[in-house]
Every structure is written in structure tokens, then in C-alpha cells.
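The values are calculated or read from the model by the stated rules, or taken from the named source; none is laboratory data. The model shown is predicted, which means the values in this text are computed figures rather than measured ones. Cβ sites come from the backbone with ideal geometry, for glycine too, and all protein chains shown count toward neighbours.
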Amino acid sequence: MAKRKIITTVTSDGSVIFLEGHFVCAQASGFDTILICKGGPNSSKISANEQTKFKEVPFSREIDIGNDVTCLISLVSIFMREKPFIVNAGTPKASLLSMLAAWVSGVPYRIYTQHGFRHESLHGLSRAIQILVERITCHLATHVICVSPSVRHLGISSGFFSESKSRMLGMGSCGVSFGRLRDGESHGPSCETIKAAYGIQQQDFVIGFVGRIIPRKGIEELVSAFIEISQSRPNIKLLLVGGFEKAQPISEWCLNMIRNHDHIINVGYQNNVAAYMKVMNLFCMPSHWEGFGNTLVEAAYLGLPVITSNGTGSRDAVKDDYNGTVVSVGDKDALKRTIIRYLDYPDILKKHGENGPSWARRFDRNVINNELVAFYKSLP
């Protein structure tokens, strides 16, 4: 009897890191696996390490009618030829095109992995288009897997999908690779090396941020709150680990502050975030929305107290007043008060940091992968 085939699609090579371990787990349960995305180093690495077939489809994140039609035709051709039992698609563009192609090709199970609602940070026509895309994708899917409780709640309340059509794996997330974090700690540059490179003194209190430097990540509020606090507290630093995006620019004021403020350090995108997290005393990512705040869980696992917002997906990654603090979306003053609280009360800082690893272990990627494959096996 031929093995049942699972095709997994994501838009960009950068998203492939969230699939680590998935293909090995599925293969161990008797499935044949194929990865489809735009090519790059991550897809090459995971296809080699996990012995999964890889087929490149050059998705674009933004609307590109010509390229989108080409990608749709490629997907239909692949699905008709491979005849998968399941297509599991995540991220907006790959999900829309994959669900449509799978429906046209008669794929029995079309699973949409919902990583967050992009329209939450859009306005006007762009928002209307994204909502329409979401409705079409959800309608074409036979099942929707939500990566957090708040994403599922918003999807149901907005009428994108029903409670019976949707589900979560474990407590949510795509799973966090703690092994990769441990490797990063042991093989990356030391705290002393990083501090020396960026002029961070031993007595400095380092507030950290890891992620794309775009408005919806709450970077404007964070920079503003930090500058106000630093005026009376000269021994604090803001360490930003992430790159800018032309498609989602921050304000000129914020960009100028990041580039020129004496106490703000931007090291750009880094493959090894664990090494930089070990330099931090407090982690802060007040995102307006996420699918799930994986980076918040990574910081907690490394013993950092964390601050985030009550936005969709973000609030699910932190247990308020246990391993961190949740503030209202966009509330710069609440963010400022929370940072000051950690500065003034080191016992709370210590307690929340110590509670982090036990909270984080609930989101182990091995657990999530096993639950996903168990769901695959339950399909008749």
C-alpha cells in the first residue's frame, strides 16, 4: 500500500524554521512528505536534514498578479501529479494559493494553519482585501489549525470559520525549538564579547527586543517609553535584534532615535538570537498582534522576564504576573510604568525570570509536532 502523502507549504524560506522536526515526525508515522516554498538556505537545510522532498514555488508576500497566477498553476500541476492526501498551508499567500489549488485538484484534506490575522494592522482597501483573502482561504479549507487561543477566538467571532472546523495543538504555537536555543547559547558569542563590541557596561540594565522592526511589533511605543525612562536612568540600554522593512516602515522619528540615541543599540538581524538574549535583563516585545509570540517563549525559556501586549497571539505567550507582564496594546504609558516596576523591584524581576523556563516548556516543538501527526492519523 502506498504511503499517504502530506504536502506542506509556506510563503517564504524564513518561515521554514517553524517546521523543524515536522517532517521527521510525519515520516516516522508512515507518511511521505513534501515541502513547498520559495527557495533559500532554510528550505535547503531542512530538506536535507529531514530527508523530505522539496519543490520550489516562488511565492511573493505582497500582491503580484502575474507571479501569483504562475504560482497557482505550478501548485495545481504539483498536486495533480503528486496526489497528496493532505495539503497543510501556512502564511497568507501560500495558504490562499495552496487551498485554491488543492480544492481544484481534489485533495481530500486541506488544512489551513492560521498564524495570525494580518488585517489587524491594515486599513482601508488593504484591510478589505486581506479580510476577503482570509474568508476565501478558510472557506476552501476542510480544517483550520489556529496557533493560539486568541487567534481561534477572533476567527470564530469574526465568522471566518466555525468552532467545529477549527482546532489548536496543545496550548498553541508552532512549537519552540529549545534544542536550537541551547545550541545558540553554547556556540554563539559570549555575553562579554557582545557587551564589549557594543559598549555595554557591566552595570548597565539591558532591555531587549527581537523581531522585525516594524510598527505592529510595538517598536514605536517601546522606543518612546525607553527614551523617557533613560532621561533619569543613565545606566539602561535598549538592545534591538532585528532588521527594518521597506514595506512596513517605522516613523522617521523612531528611525532617527534608533540610529542616533546613545543608549539604543541595533545589531540587525541575527541567526543566533539566544546569544544576544543572554545579554538582556528584561525582554520586551509589545506587539499589536501575532499568531503566537514564539520569541516571548524563547526569552522566557532563557530566564528572562517578559513584557508584551494583550494583542491577539501575544497575550497567549505570557502568563501575566507569573513570568512577565501584559499591557494594553499601544499603551506607551503602561509600558513605561511596567519597565520602571522591573527596574525598581529586582525581586519581581528575579521571580518572573525564574518562572520562565517552566512556563516555556509547555510549548515544546516535539509536543506540537506529535499532536499534529496524531491529527493527520485520525483523518479517515
**Request:** Looking for whichever is in a helix (DSSP H, G or I), of a type in the set (A, V, I, L, M, F, W, C) and in the same structural domain as GLY188 (by TED's automatic domain parsing) here; the options are ALA247, ALA275. Which one fits?
**Result:** ALA275
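Tell me, yes or no, whether segment 290-301 has at least one residue that is farther than 22 Å from GLY21 by Cβ and not basic (Lys, Arg).
no
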**Message:** Can you tell me which residue is nearest to ASP344 (Cα to Cα) among those in segment 175-204 that are touching a strand residue (DSSP E or B) at 6+ places or on another chain (Cβ under 8 Å), in a loop (DSSP other than H, G, I, E, B) and of a type outside the set (Gly, Ala, Ser)?
**Reply:** ASP204
**Item:** segment 205-231 - residue that is assigned to a loop (DSSP other than H, G, I, E, B) and within 23 Å of the chain's Cα centre (by Cα) and, of those, nearest to MET277 (Cα to Cα)
**Value:** GLY211
**Prompt:** Out of all the residues in segment 235-248, is one or more farther than 20 Å from ALA334 by Cβ, of a type outside the set (Val, Ile, Thr) and without any contact (Cβ under 8 Å) to a residue 12 or more places away in the chain?
**Reply:** yes
**Complete:** All-but-one check, ILE63 against (1) within 25 Å of the chain's Cα centre (by Cα); (2) surrounded by 15 or more Cβ atoms within 10 Å (Cβ to Cβ); (3) outside any helix (DSSP H, G or I), failing number (2)
**Complete:** (1) out of contact with any strand residue (DSSP E or B) (no Cβ under 6 Å at 6 or more places or on another chain); (2) more than 21 Å from ILE145 (Cβ to Cβ); (3) not hydroxyl-bearing (Ser, Thr, Tyr) all hold for VAL306 apart from (1)
**Request:** Identify, from the list ALA334, ALA299, the residue that is assigned to a helix (DSSP H, G or I), in the same structural domain as GLY218 (by TED's automatic domain parsing) and touching a residue at least 12 places away in the same chain (Cβ under 8 Å).
**Result:** ALA299
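For every residue, the table says whether it meets (1) among the small types (Gly, Ala, Ser); (2) touching a Gly at 6+ places or on another chain (Cβ under 6 Å); (3) closer than 16 Å to THR295 by Cα.
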| residue | (1), (2), (3) |
| --- | --- |
| ILE207 | no, no, yes |
| ILE213 | no, yes, yes |
| ILE229 | no, no, no |
| GLU252 | no, no, no |
**Request:** Considering each of GLU221, GLU163 in turn, give the residue that is of a type in the set (Asp, Glu) and in contact with an Asp or Glu (Cβ under 9 Å, 6 or more places away or on another chain).
**Result:** GLU221
